[in-house]
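Q: Following this message is one structure expressed as structure tokens.
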Amino acid sequence: MEEQLEQAIGIRIRKLRLEKGLTLDDLATASGVSRAMISRIERAEASPTASLLARICAALGLSLSAFFAEEGQQASPLARRQDQQVWRDPETGYLRRSVSAPGTASDVDIVEVEFPAGARVSFPPHAASHGMTQHVWLFDGELEMTAGETVYRLRPGDCLFMPVGEGHVFHNPGNAPARYCVVLDRGGR
């Protein structure tokens, strides 16, 4: 199953890149991800980390949720849990579930994340994500968010708003998994 998802990710990146008329070099320049790594991902020889995939998606003008949405799927206002796309970051083991119904006209994506104890994911500043914002709403565990120079310590029930393009770090300093929701607004992209 995981191998099939890696293959599907590679195929989708290549298809989107070609649809936009981008070469590997163009996408590498726009995303800040090396040409060699993008090529390896497209051939399913490498699993992208959450940070790399987010940068590639932003350069393609997509959120991660839009990227994982099933192509050609009939838009429905209802997204049943069993049909929601789930992806595990190969580096940290964090589990990402696309909760929002795919294919709708909404600029908002809702994502549920299970973040392992001690895990850390960095999303560097990236121009392609400017104009996008997110709310991070913690349900269980602890979460330390770094946005720019400011570090926020979230406890269950806390919600943090921040721009996406300026870069940020998710870190679970606790001994238990953190579970949270990200509400991403693509800002009319």
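Q: For region 95-129, enumerate the residues that are more than 22 Å from residue 81 (Cβ to Cβ), modelled with pLDDT under 85, in contact with a helix residue (DSSP H, G or I) (Cβ under 9 Å, 6 or more places away or on another chain) and not aliphatic (A, V, I, L, M).
A: 123, 124, 126, 129
Q: Can you tell me how many residues in region 1-11 are at pLDDT 90 or above and out of contact with any Lys or Arg (no Cβ under 9 Å at 6 or more places or on another chain)?
A: Result for region 1-11: 1.
Q: Can you tell me how many residues within region 148-174 are under 22 Å from residue 55 (Cα atoms) and either at pLDDT below 90 or buried (at least 16 other Cβ atoms within 10 Å of the Cβ) (or both)?
A: Number satisfying all stated conditions: 13.
Q: Return the residues of region 14-36 that are open to solvent by less than 50 Å² (accessible area, probe 1.4 Å), of a type in the set (A, V, I, L, M) and in a helix (DSSP H, G or I); say none if nothing qualifies.
A: Once the filter is applied, which keeps residues that are open to solvent by less than 50 Å² (accessible area, probe 1.4 Å), of a type in the set (A, V, I, L, M) and in a helix (DSSP H, G or I), region 14-36 yields 16, 24, 27, 28, 30.
Q: A further question follows. Please verify whether region 130-144 includes one or more residues that are modelled with pLDDT under 85, assigned to a loop (DSSP other than H, G, I, E, B), open to solvent by 50 Å² or more (accessible area, probe 1.4 Å) and not hydrophobic (A, V, I, L, M, F, W, C).
A: Scanning region 130-144, I find at least one residue that is modelled with pLDDT under 85, assigned to a loop (DSSP other than H, G, I, E, B), open to solvent by 50 Å² or more (accessible area, probe 1.4 Å) and not hydrophobic (A, V, I, L, M, F, W, C), so the answer is yes.
The values are calculated or read from the model by the stated rules, or taken from the named source; none is laboratory data. Every value quoted in this text rests on a predicted model; they were computed, and no experiment measured them. All Cβ positions, even for glycine, are placed from backbone atoms using ideal geometry, and neighbour counts span all protein chains on display. We work out accessible area using only protein heavy atoms, side chains counted, and drop any ligands, DNA or RNA first. Shrake-Rupley method; radii C 1.70, N 1.55, O 1.52, S 1.80 Å.
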